[in-house]
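No value in this document is a laboratory result; all are computed from the given coordinates. This structure is a prediction, so every number in the text was calculated from the model and none was measured. Heads up, the Cβs are rebuilt from the backbone with ideal geometry, glycines too, and the neighbour counts pull from every protein chain shown.
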Amino acid sequence: MPQAIKRQAIQESPVNPRHHVSAFDQVNSHLNKAFMSLDIPEVYRSVMQNCYRELKVQIILQRESGAIEEYFGYRIQHNGVRGPYKGGIRYHPSVDLDEVRALASLMTWKTAIVNIPFGGAKGGLACDPKKLTNRELQALSRAYARKIDMAIGPHRDIPAPDVNTNAKIMAWIMDEYGRKHGLSPACVTGKPIELGGSKGREQATGRGLFHIAHRVFDDHKLSIKGAKVVVQGFGNVGSWVANFLHDAGAKVIAVADAEGGVFNPAGLDIPKLRLYAVDKPSVAGFSGGEALDTREIFTLPCDMVVPAALGGVITPDIAKRIQAKIVLEGANNPVTPEADVILNERGIIVIPDILANAGGVVVSYFEWTQNLTQFYWDEDEVYQKLEKTLNSAYAAVAKIMREHKVNMRQAAFILGVKRVYDATLLRGV
Ligand code: NAD
């Protein structure tokens, strides 16, 4: 009797309304404003909005229990005029085509804003890694790598970690790709340092967020020292940005993740919380604060909120109730366009994802460069080059804000679109 194949149900996330509003449409609504500001001809608007290649793959996994399950994975290449496609791989039950398209498009504008020679891509696998054993996770990751291997490669498309993926999974993907194509460390970034990963890559997104936030605080004559901050998401991005803010004297008063939240008005001990959350793995139950209803995270009185989990979490209803002066987008696409309008009307500064969280892809670029040259840099060199790259991007965005009299998100999109459009014309038809 053949065994029934169990499909991985696409689950709705309670905090994420992106299944009601298309995430790709949301990104395109920002993009359209930039097209209008730059008076981009209609045909090029379509070329720059749509994705170049969309791969959807079926993966069959035999669980250790013997059960057979069916999964779906994606790799979407949005735009490659400025260089090989680049973007992370997300493992989450709610991953779907629309979300991966949106995230791939954001990568195109992000790589252009920080002026690194990459296009934009994203990958995703609809699964809940928490329900898989290490062996099953490895089998699934290797099967996914085999299914997309014809579309990726060091000069074609270079994946990296995103939600629920990490250096260990990047190592499996590199190894699986290498079985067919020969050892190619540059086919993926965010690898373990022992296998060609870059020093500083793990904390790069958090470090970059901290760096850009610092620039904004200085420009508005605000001080990070003593500033009250709340962070949603305490994985790679959230835990590192909290760490750098804490080190600079900010008070991180609340943190929430998928399992729960913790609040301490005097400021949480972030180094201790990081150790606790690695072990658990969640911030829930941490003894250095009181339990927090995670739905309250964005509406607590504070100076800055940092969404660092999933997209679409700051809805119009939440935007009306945010009490912070600044929203620092660690996550990709965390603010819906309607919420963005409300935040603007309320004079709340939004530091957009495509600038704020670009530190990760910048150090991924450094990793790729080190892999291709087989010459490895020390930490100081990575950090200096990261700071220089982000400073240039910030200065270019600030210049457009002044010239076009637009907010930071619109300025960042204008910069990204201008660079991609110029490259498109130079390539010719
Ligand atoms: P991660 O898997 O390391 O951490 C994700 C965190 O979000 C976890 O703490 C998880 O518990 C939390 N979370 C998930 N669902 C939640 C919910 N419903 N409510 C509250 N918290 C929830 O992922 P990451 O790499 O830190 O990525 C976080 C965000 O940053 C994503 O939007 C990702 O696209 C973006 N980003 C990541 C990088 C990178 O280098 N990893 C770079 C740029 C942007």
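A few notes on this one:
- Among T315, T369, T189, sorting on how many other beta-carbon atoms sit within 10 Å of each Cβ, with the fewest leading, yields T369, T315, T189.
- Each of Y276, V241, V230 was placed along the dipole of segment 173-292 (beta-carbon charges, centred on the mean Cα), and the one lying farthest toward the positive end is V241.
- In segment 276-429, a dipole from Cβ-located charges (positive for Lys and Arg, negative for Asp and Glu) runs towards its positive end, and of A356, A412, Q370 it is A412 whose Cα lies farthest in that direction.
- A viscosity of 1.306 mPa s and a temperature of 10 °C, combined with the Kirkwood radius over C-alpha pairs in the Stokes-Einstein formula, give segment 106-175 a diffusion coefficient of 119 µm²/s.
- Hits among aspartates and glutamates - C-alpha to C-alpha of K280 under 19 Å, sequence gap 8 or more where chains match: D128, D257, E259, D269, E290, D293
- Within segment 28-121: Cβ-based charge dipole about Cα centre, in debye rounded to nearest 20 (Lys, Arg +1; Asp, Glu -1): 360
- Neighbourhood charge, 10 Å Cβ-Cβ cut-off, centred on V350 and excluding it, Lys, Arg +1 and Asp, Glu -1: -2
- Whole-Å semi-axes of the chain's equivalent ellipsoid (Cα gyration tensor): 30, 27, 22
- Rule-of-thumb Rg ratio for segment 258-347 [Cα; 2.2 N^0.38 Å; N residues]: 1.14
- For T133, T294, T111, order by how many other beta-carbon atoms lie within 10 Å, fewest first: T133, T294, T111
- Estimated dipole of segment 70-158 in Debye, rounded to 20 [Cβ of Lys and Arg +1, of Asp and Glu -1, Cα centre]: 260
- DSSP loop trypsin sites (Lys or Arg not before Pro) with at most 13 other Cβ within 10 Å excluded, longest remaining stretch of the chain: 1-220
- Only the Cβ atoms of Lys and Arg (+1) and of Asp and Glu (-1) were treated as charged; on that basis the dipole of the chain about its Cα centre amounts to roughly 660 debye.
- Put simply, the Cα atoms of segment 150-302 extend 54, 37, 25 Å along their principal axes, the longest span coming first.
- Cross-link partners of K221 among lysines, defined as those whose alpha carbon lies under 16 angstrom from its own and excluding same-chain residues fewer than eight positions apart: K325.
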